[in-house]
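These notes are about the structure you will find just below.
Values quoted throughout were computed directly from the atomic coordinates according to the rules given, and no laboratory measurement underlies them. Nothing here was measured: the structure is a model prediction, and the numbers come from that model. Cβ coordinates were reconstructed from backbone atoms using ideal geometry, including for glycine residues, and neighbour counts include every protein chain displayed.
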Number of protein chains: 2
Amino acid sequence: MLKSNNSTNGQQLEKRQRVAIVGAGFGGMQAAQSLARSGVEVMLIDRNNYQTFVPLLYQVATAQIEPEKIAYPIRTIVRSSPNIRFLMAEVEHIDFANKVIKTDNTSITYDYLVLATGSQTQFLGIPGASEYAFSMRNLGEAIALRERIFSCFEKAAQHSDPISREHLLTFAIVGGGGTGVEVAGALSESLKVLAKDYPTLDLRQGRIILLQSSDRLLPDLPQKLGNYTYKRLLQMGVKVHLNAKVSRVIRGGVYLHDGESIPAATVVWTAGMEAVYPTISEKLFITAKSKLIVNPTLQLPGRSNVYAIGDLAYVEQRGKPLTGVAPEALQQGVAVAKNIKRHLQGKKPQRFKYFNKGRLAIIGSYSGVGKIGPFEFGGFLGWFMWLGVHLVYLPGYRSRLLVLLSWLHTYLVGDRTARSIVFSKTTLQKTPERLYR
Amino acid sequence: MLKSNNSTNGQQLEKRQRVAIVGAGFGGMQAAQSLARSGVEVMLIDRNNYQTFVPLLYQVATAQIEPEKIAYPIRTIVRSSPNIRFLMAEVEHIDFANKVIKTDNTSITYDYLVLATGSQTQFLGIPGASEYAFSMRNLGEAIALRERIFSCFEKAAQHSDPISREHLLTFAIVGGGGTGVEVAGALSESLKVLAKDYPTLDLRQGRIILLQSSDRLLPDLPQKLGNYTYKRLLQMGVKVHLNAKVSRVIRGGVYLHDGESIPAATVVWTAGMEAVYPTISEKLFITAKSKLIVNPTLQLPGRSNVYAIGDLAYVEQRGKPLTGVAPEALQQGVAVAKNIKRHLQGKKPQRFKYFNKGRLAIIGSYSGVGKIGPFEFGGFLGWFMWLGVHLVYLPGYRSRLLVLLSWLHTYLVGDRTARSIVFSKTTLQKTPERLYR
């Protein structure tokens, strides 16, 4: 067991407090970095040795950028901060009373704990969704979806039967939020861009169907921008179904509540998420989407040394819940670090206040929407700002340069990168690969 | 079944001859490209939708470049040639008498056949080698090895026991040819370069052991260059064992013929290869390493419409067999295309002559060896020429630019890219992951 102080040498001259941070996503990593060069010892724990830049996962899934560009080595991020240690491990259990984290390898004691384990796909109890739909909440899933897309193209190229071809080239995307819109737009452009690689196949025959359960796209943005996005996607050839509630996913398609069936060889699920965390020694206060209820200071009720941030935490701002985007997690990471430092100085923690810099969503080439303060905009400006903001937040100068090069390639040359089908034969479980054999 | 002519519409005005090429490696792809815009219809078949630039696989395995950079989409390479069609399929059987290729999806008739399916790892009957050693003959294997290396680093960082640490940081490489030398050199540099990411671990304690069965490294190059390589690797900290014949591979180490045991958590196998091809309707003439004996024209004896090229074919030049490097396959691809065109013109095929432009091998940063004509050289010049030649032969301007950037990053900044452990948890079979749990 890794002890929280150096009591083995008998010296207690300097008992450094240990802050354990579970999860190295936007929130956890920011908390660690905000505690760099502070008096505390930080133990950052993640099941992966890399941080995933989640907002660009859809670009990996649609072959616009290579996976490595959005997977940044955690050790490289923290190596300049000697008080931050990293542990790659799966956290199995946390004992609040004894302040011990049990991982699959070791146990770690802590003085302060920051829970930042994020969220995972929630299939909302829809039968067949977890078996047959592709989700893309992590790098492995995004690569699986990418390989699925190119496998469908290759299979379609081998079929002379037009029905099978059309089926293989139909992609149904469930969920009309940011991710669903991004995947639909990118896929629709892929079909056009890749057409020249499939001379025997008219990829333009491919169909992208976006299924949104409510009456508008991008519900987190103003109605006007949702309407703009709807029109833009239609222009791009995406078939958008509003008020389309999925009741069942089957191998090769989905059923809607009204009984309509939509054949599609590939179903992409972007519709639901839920908070995810290790088992804890005591009962937690949980609300919608399994999120943890926290105090306005981001502390767990009754556990002043435990914080929860990011997708995991249910935080309200002016009576409305935060929506789980990266800037919220980043600001909470800063806030939690500040509060822990205040503890150590004997001060009371402060309430977290989210400063909303705005929201952006990308639809396709030269087309995005955004709201910054009172300003709402769509089209080129939205696209350009989206690119700029995501570039700025990407960790590492090298990633930034390379992602910029990939985008130039995608948007100017109009091609796709990273199209190899390497793993799907052996490792993808959900692919109904043999549907047409 | 895809018929070889358009007889369905009753017109026989132009019966185009079909050349089927099985395998889109260096040889097969070159043959296809040399037949572009000729009168024939080319059907290029490969199990993957990408061409692997095999000489750089070791750089993927050692995280010097990302996998996508050496996996080039076959459809992109051939899309400017309307007479070349690509089929992604696994060839299961070839019927020479009826000129039919049976794949897992369809059957294809041909008039001429080019076999270019290359080679695979051969474990030389050494017990345990196929179970416990990592080979790297394809992209999936190279990625598996890379993830294994970083998993070992992460595991070692979690151990306070020095014996376990040393074991986890010991890599034994079996085979002292080009690939073995390249992996040993790159790994040894990785340990130094990555040290700053593992502050609690002295990566310099890591051990790279290169086991060569004969009395010299790089047997395909002059003795002098083998000696230079030996000395250079020793300087870099690699432990080179000559005359070290592996008798058995176990979980966590190897045994030598003389009974010595070498503990190493990771064993990399670069020692053997054998030709690989689909089952054929009739008996073939086979020699060492399962290679097919071919006429000097590269035709199979008794089958004038079937050619075999690349690693698959046993070809002698001035009484000595060719060694299976890329330039040989490339030149054979050109030769086979020329011979097929001669057939069609009613001319006799010509003997293949290999023009040996030279041999190069890289040891590490600023260090390589080479022989071009009568000139033998080592050091910076060998390294520089190796980089240049491999850049020139890489397909696609974009890959070239990006590989160059990666190399600048590797050699100047001294860092490693692509270090994410994404797949190993679920997909790698050979990893004795639980050795230390």
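Descriptive notes on the structure:
- Summarising the label geometry, the points placed 7 Å from Cα in the beta-carbon direction at A:Lys15 and A:Lys192 lie 6.6 nm from one another.
- Cut-off 16 Å, label 7 Å out along Cα→Cβ of B:Leu242, residues of region B:193-233 by amide N: B:210-233
- Among A:Lys69, B:Lys291, B:Lys196, a tally of other beta-carbon atoms within 10 Å of each Cβ gives an order, fewest to most, of B:Lys196, B:Lys291, A:Lys69.
- In sequence order, calculated HN-Hα J values of region A:398-403 (Karplus, 6.51, -1.76, 1.60; Hz; x Gly/Pro): 5, 4, 4, 4, 6, 5
- For B:Lys371, the aspartates and glutamates whose Cα falls under 12 Å of its own Cα, not counting residues fewer than eight places away in the same chain, are B:Asp220.
- Along the axis of the charge dipole computed for chain A (Cβ charges of +1 for Lys and Arg, -1 for Asp and Glu, origin at the Cα centre), the listed residues A:Tyr366, A:Ser135, A:Ala265 are led at the positive end by A:Tyr366.
- Ranked list, fewest to most other Cβ atoms within 10 Å of each Cβ, for A:Thr103, A:Thr297, A:Thr170: A:Thr297, A:Thr103, A:Thr170
- Shielding value for A:184-195 is 0, the average number of Cβ atoms from other chains within 10 Å of each residue's Cβ.
- Prolate/oblate/rounded label for region B:219-294 (Cα gyration tensor, a/c 1.5): oblate
- For region A:29-91: rounded, prolate or oblate by the Cα gyration tensor [a/c cutoff 1.5]: prolate
- Shielding by other protein chains, B:411-420, mean Cβ within 10 Å: 4
- Cα shape, region B:367-407, gyration tensor, a/c 1.5 rule: oblate
- Amide H contacts under 5 Å for A:Ser367, placed H, 5+ residues apart: A:Trp383
- Signed unit charges on C-beta, dipole axis of region B:231-359, positive-most listed residue B:Asn243, B:Leu292, B:Ala326: B:Ala326
- Around the amide H of A:Phe96, modelled in the peptide plane, lie the amide H atoms of A:Ser281, A:Glu282, all under 5 Å away and 5 or more residues distant in sequence or on another chain.
- Computed about its Cα centre, the charge dipole of region B:157-202 is approximately 40 debye, with only Lys, Arg, Asp and Glu carrying charge at their Cβ.
- Placing +1 on the Cβ of every Lys and Arg and -1 on the Cβ of every Asp and Glu, with nothing else charged, gives chain A a dipole about its Cα centre of roughly 1100 debye.
- Alpha-carbon Rg/Rh ratio, for chain A, with Rh computed the Kirkwood way: 1.00
- Each residue of region A:334-349 is assigned a 3J(HN,Hα), and the resulting list reads 5, 5, 5, 5, 4, 5, 5, 5, 5, 3, 5, 8, x, 9, 7, x Hz, derived from the Karplus form 6.51 cos²θ - 1.76 cosθ + 1.60 (θ = phi - 60°), x at Gly and Pro.
- Candidate aspartates and glutamates - alpha carbon under 12 Å from B:Lys289, same-chain residues fewer than 8 apart omitted: B:Glu274, B:Asp311
- Exposed GluC sites (Glu not before Pro) absent - longest run of chain B, DSSP non-H/G/I/E/B, at most 15 other C-beta within 10 Å: B:91-259
- Which listed pairs, of A:Lys15/A:Lys341; B:Lys283/B:Lys338; A:Lys192/A:Lys239; A:Lys196/B:Lys99; B:Lys99/B:Lys341, have C-alpha distances above 25 Å, in listed order: B:Lys283/B:Lys338; A:Lys196/B:Lys99
- Between helix B:139-157 and chain B: long-axis angle, C-alpha atoms, 0 to 90°, nearest 10: 10 degrees
- Using the alpha-carbon positions of region B:51-209, Rg (one decimal) and Dmax (whole number) come out as 20.8, 66 Å.
- Residues with amide H under 5 Å from that of A:Arg248, placed H, sequence gap 5 or more: A:Tyr255
- Size of electric dipole in region A:223-370: Cβ of Lys, Arg +1 and of Asp, Glu -1, about Cα centre, debye, nearest 20: 660 debye
- Between this copy and the others, label points of B:Glu92 are 4.4 nm apart in ascending order, each placed 7 angstrom from Cα in the Cβ direction.
- Sorted by Cβ density within 10 Å, fewest first, the residues B:Leu401, B:Leu284: B:Leu401, B:Leu284
- Peptide A:75-83, shielding by other chains (average Cβ, 10 Å cutoff): 3
- Highest-first arrangement of B:301-307, B:16-22, where packing means the average Cβ count within 10 Å: B:16-22, B:301-307
- Orientation-averaged projection of the protein assembly as shown equals 39.1 nm² [convex hull of Cα atoms, one quarter of hull surface area].
- For chain A, the share of DSSP beta bridges that are antiparallel, to the nearest 5, is 50%.
- For B:Asn227, inter-copy label distances in nm, listed shortest first [label point 7 Å out on the Cα-Cβ vector]: 8.4
- Shown in residue order for region B:234-248 are the 3J(HN,Hα) couplings computed by the Karplus curve 6.51 cos²θ - 1.76 cosθ + 1.60 at θ = phi - 60°: 4, 4, 7, x, 7, 8, 9, 9, 8, 6, 9, 9, 6, 9, 7 Hz (x for Gly and Pro).
- Here B:Ala36 yields copy-to-copy label distances, from shortest upward, of 4.7 nm, the label point defined as 7 Å from Cα along Cα to C-beta.
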